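Q: Have a look at this one.
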Amino acid sequence: MKEKAIMGDHRLHILADDAELVERVRQGETAAYDRLFDRHYQKVYNFALRLAGDRDQAEDIAQTAFIRAYESLGHLLDGQAFLKYLYRIVINQVRDRARQRQRKPLIGFLDLLSKRSAPEDPPEPVEFADRSLDPERLTAQKAQNEALTEAIARLPLEFREPLVLHHLQQMDLKGIAELTGVPEGTVKSRLGRARQRLRETMRPWVEIGGEYE
């Protein structure tokens, strides 16, 4: 019977939404927070990696975000917004570290343009029979990647944040404004300026187009 009860609790944790799990944590169920951690850690880590540009830093930032979120869970009014709460903590940590080290975090080229997220996923195998992936083409693509990575590295963090949130996290302007604490109009302006700078820098390599809505 006890084993069945444990299995039942486990299923409830899997099926429960964030709001329910947050409420259970507030009631003292630490296992519910384990479920929140399992559900969102990879997303938080990926987000931290794209802003910080370093795997060790990203891991430390992600783990710290969960610790701080747990300690301040009583301040979260909407449990369903738990993931955004974690993102906000990550942003604040990256901002603090950037100020302390007086350098800009990096974002990889492939992370910016592709919609793929998991950093541990192995790269697709190179099929040299495919002419579009011959060594000469791959060498040129590598140079392009490095050029865009360098261009992004020169962007101020205030431009980099909306760029990552909009193009990688699929957030609209309103969501970015709420998460970063910046007015929506300012978010749109910064995103536009970030895209414009990339266009100017990368014109010889790639045309970066699209709207900001």
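The values are calculated or read from the model by the stated rules, or taken from the named source; none is laboratory data. Just so we're clear, the structure is a prediction, and the values are computed from it rather than from any experiment. Here Cβ is always computed from backbone atoms with ideal geometry, including for glycine, and neighbour counts include all displayed protein chains.
Q: With the requirement that a residue be at pLDDT below 75 and in a helix (DSSP H, G or I), what does the range 148-169 give you?
A: Within the range 148-169, 148, 149, 150, 151, 152, 153 qualify.
Q: Answer with yes or no whether residue 55 is surrounded by fewer than 21 Cβ atoms within 10 Å (Cβ to Cβ), touching a residue at least 60 places away in the same chain (Cβ under 8 Å) and charged (D, E, K, R).
A: Details: surrounded by fewer than 21 Cβ atoms within 10 Å (Cβ to Cβ): yes; touching a residue at least 60 places away in the same chain (Cβ under 8 Å): yes; charged (D, E, K, R): yes.
Spelling it out, residue 55 is indeed surrounded by fewer than 21 Cβ atoms within 10 Å (Cβ to Cβ), touching a residue at least 60 places away in the same chain (Cβ under 8 Å) and charged (D, E, K, R).
Q: Let me ask something else about it. For the range 173-213: of the residues being surrounded by 14 or more Cβ atoms within 10 Å (Cβ to Cβ) and not in a helix (DSSP H, G or I), which is modelled with the lowest pLDDT?
A: Among those that are surrounded by 14 or more Cβ atoms within 10 Å (Cβ to Cβ) and not in a helix (DSSP H, G or I), it is 212.
Q: Is it the case, given these coordinates, that residue 70 is modelled with pLDDT of 90 or more, farther than 19 Å from residue 155 by Cα and buried (at least 16 other Cβ atoms within 10 Å of the Cβ)? Before the answer, list the steps.
A: Numbers: modelled with pLDDT of 90 or more: yes; farther than 19 Å from residue 155 by Cα: yes; buried (at least 16 other Cβ atoms within 10 Å of the Cβ): no.
Answer is no for this residue.
Q: What number of residues within the range 59-91 are basic (Lys, Arg) and farther than 21 Å from residue 49 by Cβ?
A: To start, the set of residues in the range 59-91 that are basic (Lys, Arg) comprises 68, 84, 88.
Then keep just the ones that are farther than 21 Å from residue 49 by Cβ; that gives none.
Residues in the range 59-91 being basic (Lys, Arg) and farther than 21 Å from residue 49 by Cβ: 0 in total.
Q: Please specify each residue of the range 69-89 satisfying the condition of being among the charged types (D, E, K, R) and either farther than 17 Å from residue 34 by Cβ or part of a loop (DSSP other than H, G, I, E, B) (or both). It would help to see each step written out before you state the result.
A: If we filter the range 69-89 for residues that are among the charged types (D, E, K, R), which is where we start, we get 71, 78, 84, 88.
Across the range 69-89, the qualifying residues are 78, 84, 88.
Q: Another question, if that's okay. Test residue 113 against the criterion of being at pLDDT below 90 and assigned by TED's automatic domain parsing to the domain that holds residue 147, and give yes or no. Give the steps one after another, and end with the answer.
A: Working: at pLDDT below 90: yes; assigned by TED's automatic domain parsing to the domain that holds residue 147: yes.
Spelling it out, residue 113 is indeed at pLDDT below 90 and assigned by TED's automatic domain parsing to the domain that holds residue 147.
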